[in-house]
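The values are calculated or read from the model by the stated rules, or taken from the named source; none is laboratory data. Keep in mind that what you see is a predicted model, and the values were worked out from it rather than measured. Don't worry about glycine lacking a Cβ; one is built from the backbone with ideal geometry, like all the others, and counts go over all protein chains shown. Accessible surface areas use protein heavy atoms only, side chains included; no ligands, DNA or RNA. Shrake-Rupley method; radii C 1.70, N 1.55, O 1.52, S 1.80 Å.
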Number of protein chains: 2
Amino acid sequence: MPYPSNHSAMALFVQRLASHTPLDADAREALLSLPVQRHDVRAHADFVEVGSSSDHASLVAEGLVGRFGQTGDGRRQIVSLHLPGEIADLQSVIVPQATTALTALTGSTLLRVAHDDLRRVGLRHPGIATAFWRACVVEAAIVAQWLINIGQRPARSRMAHLFCEMATRYAQLDQSDGRRYRLPMTQEQLGDALGLTSVHVNRTLQGLREERLVSVSRDSVEILDWDGLVAAGEFDRAYLAAA
Amino acid sequence: MPYPSNHSAMALFVQRLASHTPLDADAREALLSLPVQRHDVRAHADFVEVGSSSDHASLVAEGLVGRFGQTGDGRRQIVSLHLPGEIADLQSVIVPQATTALTALTGSTLLRVAHDDLRRVGLRHPGIATAFWRACVVEAAIVAQWLINIGQRPARSRMAHLFCEMATRYAQLDQSDGRRYRLPMTQEQLGDALGLTSVHVNRTLQGLREERLVSVSRDSVEILDWDGLVAAGEFDRAYLAAA
DNA sequence: CGGTATATTGAGACGGCTCAATTTCTGTGG
DNA sequence: CCACAGAAATTGAGCCGTCTCAATATACCG
């Protein structure tokens, strides 16, 4: 076992799949024993380009990955964030041609899993196929909430909503209470995720700090007033219930 | 066959599924013979509420359906539009609790299909399960593009992008060239889809008209200058290729 | 034919943007 | 361990795209 951390990332992934779609030991074992190829990526490196077609999906083992699109003048919109234990482009198993890129927001390590293997294991174990489908559905639900957030809410709410979401997702991941978690994003990247300028992110962040709702540093978030933050972001975790 | 239009909507749905995931005659027949329950909905009626849990999915047979979320102060964000031949909430097969609502943007008729039936047919025909998964992936890709659109582009581009997308989707549906299609949305609803005020929709629309890019009436769109509109919206149909 | 929904227009306000300078971090090599 | 360079954060000032509020005109429907 040359890479213990590899194993734990895949285990995390399987565990989360299994928490909603019962998978028998056989199926879990099939996933855990899939060959993976470790890949380390530096911060700010884009490792999947729009238009590219790949033969593998990327399981995040460590770090933070963003899926994003770009407009003609180079503005980026981050469309989803992927924590360790998540496959950042599971949909590529079904549609290999990327319509959206992947970038490492911070130094990250990925485990590449061959599409063929994922398809094979899905065919052999229908429960796994269902679980993959579910994972895509949940991710779509998250993107939809981001759309609501960005389409309709002012900067302060958007940001509060994002912090609540990430707290909830981290809590699901590591059984913590989510009050404090790593979020290694620059204010620029935060802006790309929220549809805001880095300048405005900075000012909005100051506002949230002055309100004593959160304490945000370069790479971590501490929530000081959960109820206040939930109210500010109109956060309702229901859309994450199936995650 | 009491409802010929039912049949054609389901046939349309099956045909589009089959165009990307080969389905044998058996599988297609299984889908076509699923029992459906017809439902007519008036314009502006919400027929799936957030938080509700249903036991069926809704295939659009006629009209136009919007999936949307709402903020605390009642602002709506339409997250996706569903044309005839699409199941507006296919994801509910996997996650029955709705995190987003459905509304008829215009008078519409829906065909309810039981989740149980859809699951059953998916288990019996793995190709169908894959096709369902794919449909959800494609829809997610569309939502992601909307997020990019709304997060990063100015009103004029957003609107142009939407018109291009709908043209392309209609063209896929009815083999037309998509230069002219029905889009029975009020300016208010257009605003809800684009993250804009109806007032601003009105002004932006006037701009596009003055530029001779489109001609938009209450319930239909005619594209006068496709290339110009594509440029204005930075539209790239790649994300619809798998649809 | 009347009533309600929708579209249109105007005027003013404001949230978030741009541009630009400065300060503070962070990591690296000497 | 310090110095330095580049990245990131912070601040200021002015602008502009979009919103709000409000009034009017037009279109649709029973």
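Of the residues making up region A:104-141, just one is farther than 23 Å from residue A:37 by Cβ and more than 10 Å from chain B (Cβ to nearest Cβ), namely A:127. Only strands (runs of 3 or more DSSP E) whose full extent lies in region A:45-93 are considered here, and the ones with at least 1 residues that are among the basic types (Lys, Arg) are A:65-70, A:76-82.
For residues in region B:152-193 being of a type in the set (Phe, Trp, Tyr) and more than 26 Å from residue A:73 (Cα to Cα), which is farthest from DNA strand C (Cβ to nearest atom)? Break it down stepwise before answering.
To start, the set of residues in region B:152-193 that are of a type in the set (Phe, Trp, Tyr) comprises B:163, B:170, B:181.
Of the ones still in play, those that are also more than 26 Å from residue A:73 (Cα to Cα) are B:170, B:181.
Values: B:170: 19, B:181: 16 Å.
Filtering first and then ranking leaves B:170.
Given the conditions (1) free of Cβ contacts under 8 Å to residues at least 12 places away in the same chain; (2) surrounded by fewer than 19 Cβ atoms within 10 Å (Cβ to Cβ); (3) outside any helix (DSSP H, G or I), and given that residue A:29 satisfies all but one, which numbered condition is not satisfied? With (1) free of Cβ contacts under 8 Å to residues at least 12 places away in the same chain; (2) surrounded by fewer than 19 Cβ atoms within 10 Å (Cβ to Cβ); (3) outside any helix (DSSP H, G or I) applied to residue A:29, the lone miss is (3).
For region B:194-203, the criterion of being more than 14 Å from chain A (Cβ to nearest Cβ), more than 22 Å from residue B:43 (Cβ to Cβ), of a type outside the set (Asp, Glu) and within 15 Å of DNA strand C (Cβ to nearest atom) is met by at least one residue.
Consider region B:151-163 and keep the residues that are surrounded by fewer than 24 Cβ atoms within 10 Å (Cβ to Cβ) and touching a Gly at 6+ places or on another chain (Cβ under 7 Å). The one that is farthest from residue B:202 (Cα to Cα) is B:152.
Has region A:205-213 got at least one residue that is within 13 Å of DNA strand C (Cβ to nearest atom), within 14 Å of chain B (Cβ to nearest Cβ) and touching a helix residue (DSSP H, G or I) at 6+ places or on another chain (Cβ under 9 Å)?
Step one: filter region A:205-213 for residues within 13 Å of DNA strand C (Cβ to nearest atom), giving A:205-208.
The next check asks that each one be within 14 Å of chain B (Cβ to nearest Cβ); those that pass are none.
Checking region A:205-213: not a single residue is within 13 Å of DNA strand C (Cβ to nearest atom), within 14 Å of chain B (Cβ to nearest Cβ) and touching a helix residue (DSSP H, G or I) at 6+ places or on another chain (Cβ under 9 Å).
Of all residues in region A:91-135, those being touching a strand residue (DSSP E or B) at 6+ places or on another chain (Cβ under 7 Å) and open to solvent by less than 30 Å² (accessible area, probe 1.4 Å) number 16.
Give the residues of region A:142-174 that are more than 7 Å from every other protein chain (Cβ to nearest Cβ) and not in a helix (DSSP H, G or I), sorted by residue number. The one that is more than 7 Å from every other protein chain (Cβ to nearest Cβ) and not in a helix (DSSP H, G or I): A:154.
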